[in-house]
Amino acid sequence: MSAPATDIKPPAGSGALRHKLPGSVAWHIGSLLILAVILYPVIWVVGGSFKKSGDIVGSLDLFPGDPTIGNYTSLADGIADISISTFFFNSLFLAVGSVIGILVSCSLTAYAFAKIRFTGRNLLFTLMIGTLLLPYHVLLIPQYVLFRNMGMINTYTPLLLGKYLAIEAFFVFLMVQFMRNMPRELDEAARLDGCGHFRIYWSIVLPLSRPALITSAIFTFINSWNDFMGPLIYLNEPDKYTVSLGLKMFVDQEGLANYGGMIAMSLVALLPVLAFFLAFQRYLIDGMATSGLKG
């Protein structure tokens, strides 16, 4: 007597896998196409830095047919008898000074809003947040007239002074939201031990606010390093120019541009920003994730 036939069932989920496979392949192909579009300018700039200036304007090829490192070696000669290192030093001075100013002034202001109860605190905080709605160009002319009357044109003071006066409302708001989420038991325990506001701020609040501080430092460094409008308005002498203004000097008075040297210098100028970001990127998500939480 023959054995009864048994049905062989396919593994569970194999049918769903077959249905999902085309959609998954299409999704990955679409993602790769979008990635190619995003990376195309980056690849073109890297390839352009090894092209001659004439080939950059006359060709759309990604990679140079006759590669040269002359664009990078020419940077050692400087621009208009000014060393490239001068531009980098000026940008670094402004970026580091801006970071220090933002961390000190904004953290102190944020501590006052988050931890100290005083009359008009909510009104002042609302007015401060309202300054985010003011476009930069609205304040440009009044600030320039003010600094000109004070004799501060062609100095770094107009570019740094505001950083030490906590005028960056976004960073104050970021730190306030972070500090409000700290347990109040820590403040109360410190007060029982006889600590004042400055001791609580320095020994308790600042160490716990490290993600928010580093997030603010990253954005401040990048914004200061890439700033073009501020140095263009307040600086007149080429030896005080930043990297962003140094790039402008590759275009001469006749309108002819050394595109190869300009692209090479722009890539070199990205290295400090990239290094600063990679060094502290792990704190960036922690700082931004807590900025929208209610205290």
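Throughout, read-outs are computed from the coordinates displayed, never taken from laboratory work. Quick caveat, the model's predicted, so the values are computed rather than measured. Don't worry about glycine lacking a Cβ; one is built from the backbone with ideal geometry, like all the others, and counts go over all protein chains shown.
Aspartates and glutamates within cross-link reach of Lys248: Cα-Cα under 14 Å, excluding same-chain residues under 8 positions apart?
Partners within reach: Asp227, Glu237, Asp239.
Give me the dipole magnitude in Debye, nearest 20, for the chain about the Cα centre, with unit charges on the beta carbon: positive for Lys and Arg, negative for Asp and Glu.
Value, rounded to 20: 1260 debye.
Please give the length that would be gained between Asn154 and Val104 if that part of the chain were fully extended, namely 0.36 nm times their separation in residues minus their C-alpha to C-alpha distance (nm, one decimal).
15.5 nm
Report the Cα-based extents of the stretch 22-68 along its three principal axes, largest first, to the nearest Å.
45, 15, 14
Please give the contour-minus-distance gain from Thr68 to Val42: 0.36 nm per residue of separation, less the Cα-Cα distance, rounded to one decimal in nm.
Separation in residues times 0.36 nm, less the Cα-Cα distance, equals 7.5 nm.
Which of the listed residues, Gly70, Thr86, Tyr283, is farthest toward the dipole's positive end in the chain, when Lys, Arg count +1 and Asp, Glu count -1 at the beta-carbon?
It is Tyr283.
Can you list the DSSP H helices in the chain whose Cα atoms extend at least 30 Å along the helix axis and whose mean Kyte-Doolittle hydropathy is 1.0 or higher?
14-48, 84-115, 259-280
Enter the Cα centre distance for the pair the stretch 231-250 and the stretch 91-132, rounded to the nearest angstrom.
For the stretch 231-250 versus the stretch 91-132, the Cα centre distance is 29 Å.
Amide H neighbours of Ile82 under 5 Å, at least 5 residues apart or on other chains, H built in the peptide plane: list them.
none
Please compute the volume of the convex hull spanned by the alpha-carbon atoms of the chain and report it per residue in Å³.
274
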